[in-house]
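Where a number appears in this text, it was derived from the coordinates with a stated rule and is not lab data. Worth saying up front: this structure is predicted, and the values here are computed from it rather than measured. Positions of Cβ are generated from backbone atoms using ideal geometry, with glycine treated the same way; all protein chains shown enter the neighbour counts.
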Amino acid sequence: MSILKRYFPEADVLIPYIGTIVLILISSVIYPQILSLDYLSQQLQIAAFLGVLALGATLVILLGHIDLSIPWVLGGGAIISTALVGSDNSDLSMLAIPIALIFGAGVGAINGFGVAVLRIPSMVWTLSVNSMLLGISVLITGGFNPKGEANEVMGSLATGKIAGIPIAFCIWMLIAFLINALLKRSNFGRYLSAVGYNEKATYLSGVSTTFVIIFAFIIAGICSAFGGVLLAGYANQAYQSMGEPFLLPTIAAVVIGGTSILGGRGSLIGTIGGVLFITLLNSILSIIQISEAWRNINFGAIIILMLLFQSLRQKGA
């Protein structure tokens, strides 16, 4: 394992891409249509929804934390955007997407404050926030699917194409480029990994670790809310618990991409590969009619295997 790390230090980043290619080749023997451009284009579109969530989750996990509020930040973004579109106020309808993103940033700030200032474990705090968002949604909607629908902009972002390439995929890549530039070319990016590697040492070196943690959670919240906007545009509506199926795949995609769950090491390139692998795997499991329960078992098993792989690599360093 030490030899692998010495000569291929980024081997874990390549694993999801290799796995994706292997899945395509094996599945194409049974289902040749998997190699069609229409199918692959559809998978890129679907991958974008998960991909936007995973980009934000990567920042949080790089800190050594985890965000379990993803489901209802996503759901809240979808509910708010569609509700504003369905309102009688045309001005609010035009601001549906920005207000949904502000909602995501606000929840992210709350998450960051609880973790960085109140020093409550992120798993406990974000799970509690997720539960409160669920309760608020039920109080507002009465437990029924909220009224409202996606507007033309939301629909175009989620389902439109440019030169045959899904717009959602292009947006995902644009967001990945911007966040990667932030990580590589700013002090925030350098401090983010440093906090994940050793928060106390980073703080003693004069870095405002509180700001770094809160800002990372804010970006994650915006990504989750925007994922909800895209999903609402895809389904032309918001519905209760629409974010629940995305929590485990999001974490799985980040971990499969090589980001250490302990923080300090990882990359967006690996996360993108993890998203592609998870999306294709989920599609193939659907084609062969594997139940949702077994899909969750597969995702959990994949996360465990990747954690074991990361542990072996660190021991072999």
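Taking the chain as a Gaussian network, Cα atoms linked when under 10 Å apart, which of Ala201, Ala220, Ala57 shows the biggest mean-square fluctuation?
Residue with maximal mean-square fluctuation among Ala201, Ala220, Ala57: Ala201.
Name the shape class, rounded, prolate or oblate, that the alpha-carbon gyration tensor gives for segment 14-101, where a ≥ b ≥ c are the square roots of its eigenvalues, rounded holds for a/c under 1.5, and otherwise prolate holds if a/b is larger than b/c and oblate otherwise.
Since a/c reaches 1.5 but b/c is at least a/b, the shape of segment 14-101 is classed as oblate.
At Met132 and Phe177, where each label point lies 7 Å from the Cα along Cα→Cβ, what is the point-to-point distance in nanometres?
So the label points at Met132 and Phe177 sit 3.8 nm apart.
Quick one: Karplus J couplings for segment 16-26, per residue in order, coefficients 6.51, -1.76, 1.60, θ = phi - 60°, nearest Hz, x for Gly and Pro?
Those phi angles translate into x, 5, 4, x, 5, 5, 4, 4, 5, 5, 5 Hz.
Skipping prolines and chain starts, which residues have an amide H placed within reach, meaning under 5 Å, of the one on Lys161, given they are 5 or more residues away or on another chain?
Those qualifying (amide H under 5 Å, at least 5 residues apart or on another chain) are Ile167.
Only Cα pairs within less than 10 Å get springs; with that Gaussian network setup on the chain, which residue of Gln33, Gln289, Gln45 has the largest fluctuation?
Of Gln33, Gln289, Gln45, the most mobile in the Gaussian network model is Gln289.
Could I get the Rg over Rh figure for segment 113-190? Both from C-alpha atoms, Rh via Kirkwood, rounded to two places.
That ratio equals 1.13.
Between Tyr239 and Thr210, what's the calculated FRET efficiency when r is the beta-carbon distance and R0 is 35 Å? Round to 0.05.
Efficiency, rounded to the nearest 0.05: 0.45.
So which chymotrypsin sites (Phe, Trp or Tyr not before Pro) in segment 37-145 pass both tests, a DSSP loop state and at most 14 other Cβ atoms within 10 Å of the Cβ?
Here the sparse-neighbourhood loop sites are Phe144.
Take the chain, mark every one of the trypsin sites (Lys or Arg not before Pro) that falls in a DSSP loop and has at most 13 other Cβ within 10 Å, then report the longest stretch left between them, sites excluded.
That gives 148-317 as the longest site-free run.
Compare the Cα positions of Asn187, Phe211, Gly108 along the charge dipole of segment 105-212 (+1 at Cβ of Lys, Arg; -1 at Cβ of Asp, Glu; about the Cα centre) and return the one farthest towards the positive end.
Asn187
With label points built 7 Å along Cα→Cβ from the Cα atoms of Leu312 and Val153, find their separation and express it in nm.
Taking the simple label geometry, Leu312 and Val153 are separated by 4.9 nm.
Suppose every Lys and Arg Cβ carries +1 and every Asp and Glu Cβ carries -1, with no other charges. What dipole size does the chain come out with about its Cα centre, to the nearest 20 debye?
The calculated dipole for the chain is roughly 1100 debye.
Counting only other residues whose beta carbon sits under 11 Å from that of Thr82, what net charge do I get with K and R as +1, D and E as -1?
Net charge around Thr82: 0.
Which shape class, rounded, prolate or oblate, goes with segment 167-256 when its Cα gyration tensor gives a ≥ b ≥ c as root eigenvalues, a/c under 1.5 marks rounded, and past that a/b bigger than b/c marks prolate?
prolate
Rounded if a/c is under 1.5, else prolate if a/b is larger than b/c, else oblate: which is segment 166-317, with a ≥ b ≥ c the root eigenvalues of its Cα gyration tensor?
It comes out oblate by the Cα gyration axes.
Out of residues 5 or more away from Gln237 or on other chains, whose amide H comes under 5 Å of its own, with H placed 1.01 Å from N in the peptide plane?
Amide H neighbours of Gln237, under 5 Å, 5+ apart: Ala150.
Among Val153, Val254, Val73, which one shows the biggest mean-square fluctuation in a GNM of the chain, springs joining Cα atoms closer than 10 Å?
Evaluated over the chain, the most mobile residue of the options is Val153.
In nanometres, what is the gap between the two model label sites at Arg185 and Leu37, each 7 Å from Cα along Cα-to-Cβ?
Each label point is offset 7 Å from its Cα along the Cβ direction, giving 3.3 nm.
Report the relative contact order of the chain, percent, no decimals, based on alpha-carbon pairs under 8 angstrom and at least 6 residues apart.
Relative contact order, the chain: 35 percent.
Can you give the calculated 222 nm mean residue ellipticity of the chain, where each DSSP H run of n ≥ 4 adds -39,500 (n - 2.57) and the sum is split over every residue, rounded to the nearest 500 deg cm²/dmol?
-25000 deg cm²/dmol
Could you let me know the centre-to-centre spacing of segment 215-286 and segment 84-156, using Cα atoms, in angstrom?
17 Å
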